[in-house]
1. Give the range 32-76 a look and list any residue that's assigned to a helix (DSSP H, G or I), out of contact with any Phe, Trp or Tyr (no Cβ under 9 Å at 6 or more places or on another chain) and hydroxyl-bearing (Ser, Thr, Tyr), or say none.
2. For residues that are in contact with a Leu (Cβ under 9 Å, 6 or more places away or on another chain) and either more than 18 Å from Leu72 (Cβ to Cβ) or open to solvent by less than 50 Å² (accessible area, probe 1.4 Å) (or both), tally how many sit in the range 19-58.
Amino acid sequence: METLRHAVFKEHFDDTDKHATALAKIKKLKQDGLAANYVSRFHKILADLSFNEDSKIDHFYARLKPRVKDALIHFP
């Protein structure tokens, strides 16, 4: 059960616009390590966005390392 104190704290400090915050995060996100870590961070941010499949693919692919993009070209 949420206490009044918790509710007031959450109202004051919680993110009031999760969509805008997630959009800013996804625009900054890029693969800087393992692809698995990038995928995990990408999916976590997507939870607060309502992208269609094409937008998800475009945002995901655009920020992959060039070497990974090159490797993906060889898969149908």
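The values are calculated or read from the model by the stated rules, or taken from the named source; none is laboratory data. Given the structure is predicted, the values throughout are model-derived calculations rather than measurements. Here the Cβ positions follow ideal geometry from the backbone for every residue, glycine too, while neighbour counts run over all protein chains shown. Ligands, DNA and RNA are stripped out before the accessible areas are found, and what is left, the full protein with its side chains, is counted by its heavy atoms. Shrake-Rupley method; radii C 1.70, N 1.55, O 1.52, S 1.80 Å.
1. The answer is Ser40, Ser55, Tyr61.
2. Total satisfying the criteria: 13.
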